[in-house]
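> Provided herewith is a single structure, encoded as structure tokens, for subsequent inquiry.
The values are calculated or read from the model by the stated rules, or taken from the named source; none is laboratory data. Not measured: the values here are computed from a predicted model. So basically every Cβ, Gly included, is an ideal-geometry build from the backbone, and we count neighbours across all protein chains shown. Note: accessible area is taken over every heavy atom of the protein model, side chains too, but ligands, DNA and RNA are not part of it. Shrake-Rupley method; radii C 1.70, N 1.55, O 1.52, S 1.80 Å.
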Amino acid sequence: MLLPFAAGAEGPCRDLRFEGRAHTVCSVPASADLRLFWGEDGQPFGGFDALARHLARRGERLAFATNGGMYHQDRSPVGLFLTPEGERQRLITADGPGNFGLKPNGVLCLGADRAMVLTTEDYAARRPECRYATQSGPMLVIDGAIHPRFIPGSDSVNVRGGVGVSADGRTVHLATSREPVNFHHFARLFRDGLGAPDALFTDGRVNRVYAPGIGRNDAGRRMGPILGLVEPAAG
């Protein structure tokens, strides 16, 4: 069960407890203006403030944002990164090290009014139409089943971020744990707490949240891909 532990939130983000652990969850319709960002003029934004300034110059406002996938030391995406401008990085199907390579990994696909989280193999076979897409790993939940490599009582804990999609594809849930949790717990948050039959891990300790409605603008080292909700600036 999800229980709120902070009052006064404005907007789509809430601080919630699941199985006694604190998380920040932002839930929006898939038809909302969710976008993936990396940078401009060949340079990464690196953080929420730079992205917010960029959008403000265009008459837009960053409503909330979080990490949009894993990245290399130069802040470039590790796996597939697709925007309307094209692919910055291609789909990676080969085995590899680390969390990204913990198969099955997967892809978040944002369509015109629906979203999907698919395994990398499923995405490669189907090649769905996506406005934006980002690849990360591992998958947390696959068709209602928790990733087979996750251990319920594991002592491998960390702050974790991820994204899940409702069964009808019409709601996107982004979550970041506010305290260290293991993978199995984080997967249960999406499946059992948020009702998302498919969910994807986006990153660990580097995962941060920008959510003015709950007073968050997390600082830290420079980021790579950013996933954010964009709204028109107040007139």
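> Using a Gaussian network model of the chain with C-alpha springs under 10 Å, which one of ASP41, ASP155, ASP203 is most mobile by mean-square fluctuation?
Evaluated over the chain, the most mobile residue of the options is ASP41.
> Rounded to a whole number of µm²/s, how large is the Stokes-Einstein D of region 122-181 at 25 °C and 0.890 mPa s, given Rh as the Kirkwood radius over C-alpha pairs?
So the translational diffusion coefficient is about 178 µm²/s.
> Report the Cα-based extents of region 1-73 along its three principal axes, largest first, to the nearest Å.
If we take the Cα atoms of region 1-73, the spans are 45, 31, 22 Å.
> Using just the C-alpha positions of region 1-135 as equal point scatterers, what log10 of I(q)/I(0) does the Debye formula give at each q in 0.09 1/Å?
Log10 of I(q)/I(0), two decimals: -0.33.
> Another question, then. Calculate, for region 89-235, the solvent-accessible area per residue in square angstrom, rolling a 1.4 angstrom probe over the heavy atoms of the protein chains.
42
> How much length, in nm to one decimal, is gained on full extension between ARG221 and ASP192, taken as 0.36 nm per residue of separation minus their Cα-Cα distance?
Stretched fully, the ARG221-ASP192 segment lengthens by 7.2 nm.
> Here's a follow-up. To the nearest 500 deg cm²/dmol, what mean residue ellipticity at 222 nm is calculated for the chain from DSSP H runs of n ≥ 4 alone, each contributing -39,500 (n - 2.57), summed and divided by the residues?
-2500 deg cm²/dmol
> Take the solvent-accessible surface of the protein heavy atoms, probe 1.4 Å, and return the percent of it on the chain that carbon and sulfur atoms account for.
Carbon-and-sulfur percentage of accessible area, whole number: 48.
> When only C-alpha pairs under 8 Å and at least 6 residues apart count, what is the relative contact order of the chain, in percent?
In percent, rounded to a whole number, it is 30.
> Per-residue HN-Hα couplings for region 216-227, Karplus 6.51 cos²θ - 1.76 cosθ + 1.60 at θ = phi - 60°, whole Hz, x for Gly and Pro?
These are the phi-based 3J(HN,Hα) values: 10, 8, 5, 9, x, 5, 4, 9, x, x, 10, 10 Hz.
> Can you tell me the Rg and the Dmax, both Å, for the Cα atoms in region 195-234?
For region 195-234, the Cα-based Rg and Dmax read 12.9, 36 Å.
> Could you work out how much longer the chain between ASP168 and GLN73 gets when fully extended? Use 0.36 nm per residue separation minus the Cα distance between them, nm to one decimal.
30.6 nm
> Along Cα→Cβ, 7 Å out, is where each label goes; now give me the distance between the ones at LEU91 and ARG58 in nm to one decimal.
2.6
> Additional query: Along region 84-100, what does the Karplus equation 6.51 cos²θ - 1.76 cosθ + 1.60 (θ = phi - 60°) give for ³J(HN,Hα), rounded to whole Hz, x for Gly and Pro?
Taking θ as phi minus 60°, the curve returns x, 7, x, 8, 7, 9, 7, 5, 9, 10, 6, 5, x, x, x, 4, 4 Hz for region 84-100.
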